[in-house]
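Single-structure report; data block below.
The values are calculated or read from the model by the stated rules, or taken from the named source; none is laboratory data. Please read these numbers as outputs of a predicted model, since none were measured by experiment. Every residue, glycine among them, receives a Cβ derived from its backbone with ideal geometry; neighbour counts consider all protein chains shown. The protein model used for the area step is the full one, side chains on, heavy atoms only, and it has no ligands, DNA or RNA in it. Shrake-Rupley method; radii C 1.70, N 1.55, O 1.52, S 1.80 Å.
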Amino acid sequence: MNAIIQEDTMNKIIRNNTLCNATNIKLLAVVLMFIDHIHQMFWNMGVPEWLDLFGRPVFPLFLFLAADSFHYTHDRKKYMRRLLVASWCMVVLTNLTERIVPNPDVVLMNNAFSTFFVTTIYMLAWDTLCEGRKTKNKKQIGKAIVLALVPVILSLPIFILAMANLSTTAIQIGAFVCLLLPSLLIVEGGPLYVLLGLLLYIFREKRLVQIAIVLVYAVVYYLLSGGVQWAIALAAIPMLFYNGQK
């Protein structure tokens, strides 16, 4: 009985909260990301590493909101197309920036849009699989499997490029092309963050489970890398008070 009362109280707090809507959480994440990138860009000038702490909750927050966005969007194809185009723009702009303002101490590899796009592929695959199992439609199940394999198959050119005996120019061109492909291996954050996005989507209606997943990720990343990785857990605070409003 006490557990039910506590859950009802928490739900009322969340519903009555007008601050933690999707837009405000995104703006918060952008500010945190900017602070984090100050260290990334200027570490060689003595900027302290602890600034990275601010950026740790950012990826989980964006993936958390992407789960809601993908669920509610009226046109999934258009939504995914925008993410893919944004990912391509990031690749092109990053490449141009490194050429126009070269800095041997900084390597620009950030492209969260690639992670979001690949994650939506797996979200779509999950929904297709669930629909196929529900209707016992083997074609739907097969389509889900194919969708899930696409980012894996598109990772193969990376291995081919690594093993090929090519000139420096050819390798650079090949690497640029590989960055344009929605590959599971070269997305920012790696496959684990794609999995995080999928899990947050699968448990979209179970907020406490979502938070538990993020906390587990914080522990895993801290054990793997140490440092400020524990701060991933801070994403749980805006997630808890998210009111579900745009």
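Just a few scattered comments:
- The conditions of being at pLDDT below 90, over 15 Å from the mean Cα position of the chain (by Cα) and open to solvent by 20 Å² or more (accessible area, probe 1.4 Å) are met by L179.
- Verdict on L240 being under 26 Å from L93 (Cβ atoms) and either under 19 Å from the mean Cα position of the chain (by Cα) or surrounded by fewer than 18 Cβ atoms within 10 Å (Cβ to Cβ) (or both): no
- Residues being basic (K, R) and under 14 Å from the mean Cα position of the chain (by Cα) - total across the stretch 81-134: 0
- Among the residues of the stretch 119-175, the ones that are open to solvent by 90 Å² or more (accessible area, probe 1.4 Å) and among the polar types (S, T, N, Q) come to 3 in all.
- Selection status of L108, surrounded by 14 or more Cβ atoms within 10 Å (Cβ to Cβ), in contact (Cβ under 8 Å) with a residue 12 or more places away in the chain and assigned to a loop (DSSP other than H, G, I, E, B): yes
- Residue pairs meeting the criteria (Cβ under 6 Å; at least 6 apart or on separate chains; first farther than 19 Å from L108 by Cβ, in the stretch 162-188; second open to solvent by 50 Å² or more (accessible area, probe 1.4 Å) and of a type outside the set (A, V, I, L, M, F, W, C)): L184/P191
- Selection of first residues in the stretch 24-36 that are touching a residue at least 24 places away in the same chain (Cβ under 8 Å) and part of a helix (DSSP H, G or I) and of second residues that are buried (at least 16 other Cβ atoms within 10 Å of the Cβ) and among the aromatic types (F, W, Y), restricted to Cβ pairs under 7 Å at least 6 apart or on distinct chains, gives the following pairs, ordered by first then second residue: I25/Y242; A29/F62; L32/F54.
- Annotation: of all residues in the stretch 204-237 being assigned to a loop (DSSP other than H, G, I, E, B) and either open to solvent by 30 Å² or more (accessible area, probe 1.4 Å) or not small (G, A, S) (or both), the one that is farthest from L63 (Cα to Cα) is G227.
- Scanning the stretch 30-82 for residues that are touching a His at 6+ places or on another chain (Cβ under 9 Å) and surrounded by fewer than 19 Cβ atoms within 10 Å (Cβ to Cβ) yields a total of 5.
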